[in-house]
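Following: one structure in structure tokens, then a few remarks.
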Amino acid sequence: MSKEVPAPIPRLTVITLGVSDIRASIVFYDALGFSRRLKATGEAVAFYDTGGPVLALFPWDLLAADASLPDEPRPTTFRGTTLAWNCRTREEVDAVLAFAVGKGARLLRPACETDYGGYRGYFADPDGHAWEAVVAPGIEVGEDRRVHLAE
């Protein structure tokens, strides 16, 4: 008789972005103000404290090889994934977008009202990874920088 294996506790701990130029990406994410940790990894991989899941930067071709996926063709358009920078106010959304663009991001969509009562805009990092700056009903950002969802 086989024993049922207990289900592991689900958790999202690290988001890794494949980047074309690790040095330029480190400069960009440092400029956004994320706190880099484990700097002893040099330019092999970069880890950032985000107040939630860790953000990791890893060379695109090595990340593809690590996941046993082809390096080519690289998408030059939407990848089907976005990252979010949840804010406390609409003014903070505007400030995040302006700040990111000032640090080298490309504005994808200016901030505007949403049909669900929120406010959001989008920017892209140097590799085209889309970031949403957003304030949304039922989603609060605490003093601990963590997102708290309404019941």
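The values are calculated or read from the model by the stated rules, or taken from the named source; none is laboratory data. Source: prediction; values computed, not measured. When we count neighbours, we look across all protein chains shown, and the Cβ atoms used for this are built from the backbone with ideal geometry, even at glycine. When the accessible area is computed, the model is the full protein with side chains, heavy atoms only, and any ligands, DNA or RNA have been set aside. Shrake-Rupley method; radii C 1.70, N 1.55, O 1.52, S 1.80 Å.
The figures follow:
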{"read-out": "Counted residues, segment 108-130 - those being surrounded by fewer than 16 Cβ atoms within 10 Å (Cβ to Cβ), in a strand (DSSP E or B) and either touching a residue at least 60 places away in the same chain (Cβ under 8 Å) or among the charged types (D, E, K, R) (or both)", "value": "2"}
{"read-out": "So S20, is it open to solvent by 70 Å² or more (accessible area, probe 1.4 Å), touching a helix residue (DSSP H, G or I) at 6+ places or on another chain (Cβ under 7 Å) and either touching a residue at least 60 places away in the same chain (Cβ under 8 Å) or over 25 Å from G142 (Cβ atoms) (or both)", "value": "yes"}
{"read-out": "Positions within segment 78-107 being free of Cβ contacts under 8 Å to residues at least 12 places away in the same chain and either in contact with a His (Cβ under 6 Å, 6 or more places away or on another chain) or not small (G, A, S) (or both), in sequence order", "value": "E91"}
{"read-out": "One residue from F34, F78, F58, F47 being under 15 Å from the mean Cα position of the chain (by Cα), open to solvent by less than 80 Å² (accessible area, probe 1.4 Å) and within 13 Å of D127 (Cα to Cα)", "value": "F58"}
{"read-out": "Any chance L32 is out of contact with any His (no Cβ under 6 Å at 6 or more places or on another chain), under 24 Å from L149 (Cα atoms) and not β-branched (V, I, T)", "value": "no"}
{"read-out": "Subset tally (residues that are in a strand (DSSP E or B), within 20 Å of T13 (Cα to Cα) and within 16 Å of the chain's Cα centre (by Cα)) for segment 131-151", "value": "4"}
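Per-residue answers, yes or no, for (1) of a type in the set (A, V, I, L, M, F, W, C); (2) farther than 15 Å from P53 by Cα:
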position	(1), (2)
K3	no, yes
L12	yes, no
T16	no, no
S20	no, yes
R23	no, yes
L32	yes, yes
R36	no, no
K39	no, yes
